[in-house]
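Take a look at the structure set out below.
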């Protein structure tokens, strides 16, 4: 990210290009840290899930954790008008489609200090749904990341997610955007796969599973 005042909003557009062919959890998320003037208070992640627990296996999530110094617990949040299960308030049913664009947006709650709202907008219909609010604390956002988490075997059929329009708004109301992204993969020792890669396509970033790796760990890609 370029130099700016502290961030108060982060957004991006996500498109999953085809359905996973296995009944395992996939999660494509925008992640942010919650910070104040002195420290990080926690972090949250919002995005689309391919989740066999839900009708059509489609769901959306907004959840997170407090930092270890504050206990590391799952952050509490508001209820949601989207359908879900009592034992998982973070994940809600949402009828998203493949090769269709969705804007993910994290911003301050207009109603509660220290609460952060996540919204999802179907870009084609321009319909916005409030996922819920998360009590993450802090007054600003930092360290935005987009990621793919696949609980499928490494040899499962390939799945591609496209990210674009990575944006933020700072506390002065100025719009800022990253000049690039730095590639990071989960290590094999931590359970990662060696056949995932990241690609640039125009102004978009692709995260691809089940293919030879062509962009190496730590590579900086200019947008």
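The values are calculated or read from the model by the stated rules, or taken from the named source; none is laboratory data. Everything numeric in this text was worked out from a predicted model, so none of it was measured. Because the Cβ atoms are built from the backbone with ideal geometry, glycine has one as well, and the counts that use them run over all protein chains shown.
Can you tell me how many residues within segment 52-62 are surrounded by fewer than 22 Cβ atoms within 10 Å (Cβ to Cβ) and either farther than 23 Å from residue 22 by Cβ or touching a helix residue (DSSP H, G or I) at 6+ places or on another chain (Cβ under 6 Å) (or both)?
So the count comes out to 0.
In segment 43-54, is there at least one residue being modelled with pLDDT of 95 or more, more than 23 Å from residue 154 (Cα to Cα) and in a loop (DSSP other than H, G, I, E, B)?
yes
Every residue, every condition in (1) outside any loop (DSSP other than H, G, I, E, B); (2) at pLDDT 95 or above; (3) crowded, with 18+ Cβ neighbours inside 10 Å; (4) touching a helix residue (DSSP H, G or I) at 6+ places or on another chain (Cβ under 7 Å), yes or no:
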residue: 132; (1), (2), (3), (4): yes, yes, yes, no
residue: 211; (1), (2), (3), (4): no, yes, no, no
residue: 215; (1), (2), (3), (4): no, yes, no, no
residue: 221; (1), (2), (3), (4): yes, yes, no, no
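List the number of the failed condition for residue 117; all other conditions in (1) touching a strand residue (DSSP E or B) at 6+ places or on another chain (Cβ under 9 Å); (2) under 19 Å from residue 171 (Cβ atoms); (3) in contact (Cβ under 8 Å) with a residue 24 or more places away in the chain hold.
Unmet for residue 117, out of (1) touching a strand residue (DSSP E or B) at 6+ places or on another chain (Cβ under 9 Å); (2) under 19 Å from residue 171 (Cβ atoms); (3) in contact (Cβ under 8 Å) with a residue 24 or more places away in the chain: (3).
Which members of segment 193-209 meet the condition of being surrounded by 13 or more Cβ atoms within 10 Å (Cβ to Cβ) and part of a loop (DSSP other than H, G, I, E, B)?
Correct list: 193, 195.
Just one of (1) within 18 Å of residue 48 (Cβ to Cβ); (2) part of a loop (DSSP other than H, G, I, E, B); (3) free of Cβ contacts under 8 Å to residues at least 60 places away in the same chain trips up residue 156, so point out which.
Looking at each condition in turn, residue 156 falls short on (3).
Filter segment 76-114 for residues that are more than 25 Å from residue 166 (Cα to Cα), in contact with a strand residue (DSSP E or B) (Cβ under 9 Å, 6 or more places away or on another chain) and part of a loop (DSSP other than H, G, I, E, B) and give the result.
76, 78, 79, 80, 81, 82, 83, 111, 112
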